[in-house]
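Reviewing the structure listed below.
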Amino acid sequence: MKKPSIWYWVICVLLLLWSFGGAYDYLMTRTQNEAYMSQFPQEMLDYFYNMPLILDITWPLAVWAGLLGWILMLLRRSLA
C-alpha cells in the first residue's frame, strides 16, 4: 500500500477537529447545556427545543457518521 502524503494527514486532522466541533455542538444542544445555549437568541432556542422529527433523526446520524469516518480515515481503514 502506498504511503499517503503529508497533505492527507493534515486534511484528515483538520477535518477530524471540525467533526469534533460538530459533535460538541450536538451534545451541548441535545443536553440543553445552559452555559452553551445562552449564546443563542430565543427564536433559535425555540427551534432547537422543538426540532422536527426528521432532524432529530438525521442530525445525530450525520454528526456521528462524519466523526467516525474521519477517525477511520486517520486509521486508514477501507471502511472509511
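A few comments on the model shown:
- In sequence order, calculated HN-Hα J values of the range 32-37 (Karplus, 6.51, -1.76, 1.60; Hz; x Gly/Pro): 6, 4, 4, 5, 6, 6
- The chain - percent relative contact order, Cα under 8 Å, separation 6 or more: 43 percent
- Sum of side-chain charges, GLY69 neighbourhood, beta-carbon under 14 Å (Lys, Arg +1; Asp, Glu -1): +2
- With θ taken as phi - 60° and the Karplus curve 6.51 cos²θ - 1.76 cosθ + 1.60 applied, the whole-hertz 3J(HN,Hα) list for the range 43-56 is 4, 5, 4, 4, 5, 4, 7, 10, 5, x, 4, 4, 6, 5 Hz, x standing for glycine and proline.
- Selection among THR58, SER38, PHE20 by position relative to the dipole of the chain gives PHE20 as farthest towards the positive end (Cβ unit charges, Cα centre).
Bear in mind these aren't lab numbers, they're just calculated from the coordinates by the rules spelled out. Note that the structure is a prediction, hence the values are computed from the model and not measured. Methodologically, a virtual Cβ is constructed for each residue, glycine included, from the backbone with ideal geometry; neighbour enumeration extends over all protein chains shown.
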